[in-house]
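The values are calculated or read from the model by the stated rules, or taken from the named source; none is laboratory data. Keep in mind it's a predicted model, so treat the numbers as computed, not measured. Don't worry about glycine lacking a Cβ; one is built from the backbone with ideal geometry, like all the others, and counts go over all protein chains shown.
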Ligand code: UD1
């Protein structure tokens with residue numbers, strides 16, 4: 001099993017292009033099956049979660065072909081509506097295929113999804129929104145059997161603005177008769193990207209980015225080519241790394257506004273931030289100070305996915321910073337690993353307090369989940385000595401080639 005090995009302490013300098021967004025491309029890959037023809041995704045990141053989506057598409061009968069960073073999907077030959085258990089378990093986002101398969105076929109059969117261990121991650125909201133559209137969902141022997149041959153658009157209010165449930169509802173509503181209005185929808189930029197993709201292939205969706213989204217179902221679709229948005233969480237990871245260790249970088253292919261809460265936190269910690277069209281620059285002396293409480297919240301609040309990497313950036317800061325995790329119940333699994341490196345972090349329920357220490361040292365650690373693994377990379381870059389990160393398959397779910405990217409900035413990092 002591969003490990004990432006980091007010799008900490010090297011300043012990071014240079015320019016880096018940010019990969020396409022995982023959380024955008026996964027629902028978009030599910031959405032490709034709404035069109036019985038060809039779609040080309042430009043700037044599609046090479047990730048294990050993307051490969052897992054491709055395996056699902058291929059199982060359903062679709063064709064998928066890479067050409068460099070472009071992925072072409074032909075959903076014309078799709079002939080199945082069932083997804084086997086082993087493919088569903090590969091990642092949590094597999095559940096997004098439910099709405100898309102129902103919209104295309106009116107039938108779907110699959111089991112419950114797998115994914116990162118972030119505490120209980122129910123799919124009750126996904127299922128209740130599909131039921132509201134008229135889908136008949138039954139659980140038999142651990143499998144979900146869904147019949148939805150006459151879905152009808154209507155107003156649906158989500159109990160909480162779940163990202164995945166919003167996406168699933170949008171996809172299913174594309175196959176429903178008439179107009180669906182989603183109220184209290186998630187406002188994440190990735191949902192805007194899904195809307196833009198759907199519109200590019202002929203669907204009618206508007207309002208994404210606000211909490212009310214309208215979908216006019218059963219539109220004629222056509223072949224389309226679409227560029228995936230940049231990954232704001234990968235960008236937050238690189239910014240946190242430079243903030244922690246010191247240096248000066250410019251990230252290209254990024255939407256500055258998507259990162260405003262993250263850059264505000266890093267600015268408060270003492271970094272100099274500059275932004276332009278599609279770019280973010282960050283300069284840090286590597287001596288950060290503690291900041292006011294970081295509370296994760298649905299977009300446009302501070303992203304839960306950036307909580308771990310910002311925490312890692314502040315391990316050597318002056319003073320104490322409070323983190324409050326409001327989205328997931330079990331999102332401090334990286335803390336025990338960071339403590340092995342000398343981090344001073346106390347956790348009580350959803351609150352973590354990070355007290356900066358001058359003695360952060362390299363150690364053998366294990367990635368516990370995707371963003372927790374990214375936090376270990378950030379800590380390893382800032383620590384003294386060698387950090388060996390195991391279980392890097394979690395990191396590979398969301399980072400295309402972190403060793404290549406961080407090396408480009410001058411980090412002493414390698415894969416072994
Ligand atoms: C997506 C992102 C993930 C991010 C999260 C929150 C993708 C592929 N993943 O995950 O990286 O951390 O948004 O920004 O886009 N919930 C329920 N019932 C449901 C659905 C969700 O109770 O049916 C709860 C969850 O347990 C969680 C909260 O709602 O506590 C938010 O989850 P949600 O927004 O659905 O996250 P995901 O779509 O799973």
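Quick notes on this structure:
- Test: residue in the stretch 274-295 that is part of a loop (DSSP other than H, G, I, E, B) and within 16 Å of the ligand (Cβ to nearest atom): no
- Exclusive hit being more than 16 Å from the ligand (Cβ to nearest atom) and either in contact with a helix residue (DSSP H, G or I) (Cβ under 8 Å, 6 or more places away or on another chain) or not assigned by TED's automatic domain parsing to the domain that holds residue 37 (or both), set 88, 151: 151
- In a residue-by-residue description of the stretch 394-412, the property of being touching a helix residue (DSSP H, G or I) at 6+ places or on another chain (Cβ under 7 Å), over 24 Å from residue 25 (Cα atoms) and modelled with pLDDT of 95 or more applies to at least one position.
- Test: residue in the stretch 296-303 that is under 17 Å from the mean Cα position of the chain (by Cα) and modelled with pLDDT under 95: no
- Qualifying residue in the stretch 335-343 (condition: touching a helix residue (DSSP H, G or I) at 6+ places or on another chain (Cβ under 9 Å), at pLDDT 95 or above and within 16 Å of the ligand (Cβ to nearest atom)): no
- For the stretch 255-272, the set of residues classified as assigned to a helix (DSSP H, G or I) and touching a residue at least 24 places away in the same chain (Cβ under 8 Å) consists of 256, 258, 259, 260, 261, 262, 263, 265, 266, 268, listed by residue number.
- Cβ-Cβ contacts under 7 Å between residues 6 or more apart (or on different chains), taken from a first residue in the stretch 232-243 that is within 9 Å of residue 309 (Cα to Cα) to a second residue that is within 16 Å of the ligand (Cβ to nearest atom) and modelled with pLDDT under 95, are absent.
- Note on the stretch 328-354: residues that are more than 18 Å from the chain's Cα centre (by Cα), free of Cβ contacts under 8 Å to residues at least 40 places away in the same chain and more than 20 Å from residue 10 (Cα to Cα) total 14.
- Condition met for residue 240 (within 19 Å of the chain's Cα centre (by Cα) and either over 14 Å from residue 16 (Cβ atoms) or assigned to a strand (DSSP E or B) (or both)): no
- A single member of 5, 28 is in a helix (DSSP H, G or I), touching a strand residue (DSSP E or B) at 6+ places or on another chain (Cβ under 9 Å) and either buried (at least 16 other Cβ atoms within 10 Å of the Cβ) or in contact (Cβ under 8 Å) with a residue 24 or more places away in the chain (or both), and it is 28.
- Selection count, the stretch 296-318, where residues are touching a strand residue (DSSP E or B) at 6+ places or on another chain (Cβ under 8 Å), more than 16 Å from the ligand (Cβ to nearest atom) and under 21 Å from residue 10 (Cβ atoms): 3
- Of the strands (runs of 3 or more DSSP E) lying entirely inside the stretch 60-153, those containing at least 3 residues that are without any contact (Cβ under 8 Å) to a residue 12 or more places away in the chain are 63-67, 136-140.
- Meets criteria (part of a helix (DSSP H, G or I), within 23 Å of the chain's Cα centre (by Cα), touching a residue at least 60 places away in the same chain (Cβ under 8 Å) and within 16 Å of the ligand (Cβ to nearest atom)) for residue 186: no
- Residues of the stretch 154-183 satisfying the condition of being out of contact with any strand residue (DSSP E or B) (no Cβ under 8 Å at 6 or more places or on another chain), within 11 Å of the ligand (Cβ to nearest atom) and assigned to a loop (DSSP other than H, G, I, E, B): 159, 160, 161, 162
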